[in-house]
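Below is one structure, written out as structure tokens, with a few remarks after it.
The values are calculated or read from the model by the stated rules, or taken from the named source; none is laboratory data. If you're wondering where the values come from, they're calculated on a predicted model, not measured in any experiment. Here the Cβ is made from the backbone with ideal geometry for all residues, glycine too, and neighbour counts use every protein chain on show.
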Amino acid sequence: MTWFDQIQTGPKRLACLIDPDDLPTGHAWGAFLDRLEASPVTDVFIGGSLLTRRNVGGILGAIRERFSGPIVLFPGSPDQIVAGADAVLFLSLISGRNADYLIGRHVESGMRIRRLGMEVVPTGYLLIGDGPLTTASYISHSLPIPAGKPSIVAATAVAGEMLGLRAMYLDAGSGAGHPVPLSAIEQVREHTSAPIIVGGGLNDAASIRAAWAAGADVAVVGTAIERKPEDLAWLPDPISASSNPIRR
């Protein structure tokens, strides 16, 4: 079964987003991976909008040795495409109008991905929120969809699905003060059949469970784990979440 099949037909999932620049080092790094394996986390996403100190390839192998779940690339640039992952989110920033992130970077990385032979999940990437400015928005030179406009979020996701994108990633941005509004998740769930990945601002168990209940298939936690990597006991178990709603 492919990773996409798992998120499309299986139970809810909980992903840890690992930014290579924001990791513990030395013994703390190994201890963190052991805690991650013992936690409710089902998947690891690797990538970031801007990497300046460490690279994806340098940590993927270490994660593979100590984490038994799928590892998925969440690339912010073509140089983050490396061998060894189970799948790659081929992200198209459909909330913005910067052609570089709609097709430009894809041309740069497409042949590399094909040679590596990994699973590709064409994914509509939607930045949502009212500020402060996130790294993803700054680097991509694109404005997020306003948080109070869930109908625009849904219309954008519908258009992306019609263009052939297979999953939708609704993101409030790294370190966001507020998560993606539940109304936006609900409307995307109502109007599309694509699996929904939700990240940004999920800083406690309640917000993660709320995202699942609103229709998210995968909840992604990054900054909250980076801030306190020694404590993962607060993460909720996705198996206990409600089953996926019927898709249209």
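The set of residues in the range 169-200 that are within 18 Å of Ala155 (Cβ to Cβ), in a loop (DSSP other than H, G, I, E, B) and out of contact with any strand residue (DSSP E or B) (no Cβ under 8 Å at 6 or more places or on another chain) contains only Ser193. Residue count for the range 139-159, restricted to those that are in contact with a Ser or Thr (Cβ under 6 Å, 6 or more places away or on another chain) and assigned to a loop (DSSP other than H, G, I, E, B): 1. Within this structure, Arg114 passes the test of being more than 21 Å from Ile7 (Cβ to Cβ) and free of Cβ contacts under 8 Å to residues at least 12 places away in the same chain. Within the range 166-192, the residues that satisfy the criterion of being touching a residue at least 60 places away in the same chain (Cβ under 8 Å) and either surrounded by 24 or more Cβ atoms within 10 Å (Cβ to Cβ) or in contact with a helix residue (DSSP H, G or I) (Cβ under 6 Å, 6 or more places away or on another chain) (or both) are Ala167, Tyr169, Ser174.
Just one of Ile152, Ile139, Ile145, Ile208 is touching a Leu at 6+ places or on another chain (Cβ under 6 Å) and over 30 Å from Asp34 (Cα atoms); which is it?
Ile139
Residues of the range 215-231 that are in a helix (DSSP H, G or I) and surrounded by fewer than 18 Cβ atoms within 10 Å (Cβ to Cβ): Arg227 alone. Take Leu14 and decide whether it is in contact with a Leu (Cβ under 7 Å, 6 or more places away or on another chain) and either within 23 Å of His141 (Cβ to Cβ) or surrounded by 17 or more Cβ atoms within 10 Å (Cβ to Cβ) (or both). So Leu14 passes the test.
Count of the range 50-100 residues, restricted to those that are surrounded by 18 or more Cβ atoms within 10 Å (Cβ to Cβ), at pLDDT below 95 and over 26 Å from Asp34 (Cβ atoms), is 3. Checked against the criterion of being touching a helix residue (DSSP H, G or I) at 6+ places or on another chain (Cβ under 8 Å), surrounded by fewer than 19 Cβ atoms within 10 Å (Cβ to Cβ) and over 19 Å from Ile196 (Cα atoms), the candidates Pro24, Pro20 yield just one match: Pro24.
Pick from the range 102-123 the residues that are closer than 21 Å to Ala194 by Cα and either more than 16 Å from the chain's Cα centre (by Cα) or modelled with pLDDT under 95 (or both): which of them is surrounded by the fewest Cβ atoms within 10 Å (Cβ to Cβ)? This residue is Ile103. Might you check whether a residue that is aliphatic (A, V, I, L, M), buried (at least 24 other Cβ atoms within 10 Å of the Cβ) and modelled with pLDDT of 95 or more occurs anywhere in the range 154-165? Checked against the condition, which is being aliphatic (A, V, I, L, M), buried (at least 24 other Cβ atoms within 10 Å of the Cβ) and modelled with pLDDT of 95 or more, the range 154-165 yields at least one hit.
Of the helices (runs of 4 or more DSSP H) lying entirely inside the range 1-93, those carrying at least 1 residues that are among the basic types (Lys, Arg) and touching a residue at least 12 places away in the same chain (Cβ under 8 Å) are 27-38, 56-66.
Mind telling me which of the residues Trp212, Trp234 ends up being assigned to a helix (DSSP H, G or I) and at pLDDT 95 or above?
Just a single option satisfies the conditions, and that option is Trp212.
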